[in-house]
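The values are calculated or read from the model by the stated rules, or taken from the named source; none is laboratory data. What you are looking at is a predicted structure, and each value in this text was computed from that prediction instead of being measured. Cβ placement follows ideal geometry from the backbone for every residue including glycine, while neighbour counts extend to all protein chains displayed. Heads up: the accessible areas ignore ligands, DNA and RNA and are worked out on the full protein's heavy atoms, side chains in. Shrake-Rupley method; radii C 1.70, N 1.55, O 1.52, S 1.80 Å.
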Amino acid sequence: MTKLNTLYEIATEFNCVIKHNEPLCCHTTFKVGGPCTAMIFVNSSESLSKLISYCINNLNLKFKQIIPK
């Protein structure tokens, strides 16, 4: 099983919606952007936290929190 499949399993456990080849233009202000491999729509702060933790620890993804001043 790949790490990406594990991410999908975690999302499924939390009843998140996963859309494959989702066009990003449907989700941006200026309606630009091509299809992404997979877009996960989270439904709770718990599912978001679990998915981000998995990505940081297993997929070498970096997240930067931006706090407005």
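The table for this structure:
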quantity	calculated
Residue in segment 14-32 that is in contact with a strand residue (DSSP E or B) (Cβ under 9 Å, 6 or more places away or on another chain) and open to solvent by 100 Å² or more (accessible area, probe 1.4 Å) present	yes
All positions within segment 16-69 that are touching a residue at least 40 places away in the same chain (Cβ under 8 Å) and either farther than 23 Å from residue 6 by Cα or touching a Pro at 6+ places or on another chain (Cβ under 9 Å) (or both)	none
Filtered residue count, segment 1-13, keeping only those that are under 14 Å from residue 55 (Cβ atoms) and either without any contact (Cβ under 8 Å) to a residue 40 or more places away in the chain or small (Gly, Ala, Ser) (or both)	5
Those residues of segment 49-58 which are out of contact with any strand residue (DSSP E or B) (no Cβ under 9 Å at 6 or more places or on another chain) and not aromatic (Phe, Trp, Tyr), in sequence order	49, 50, 52, 53, 55, 56, 57, 58
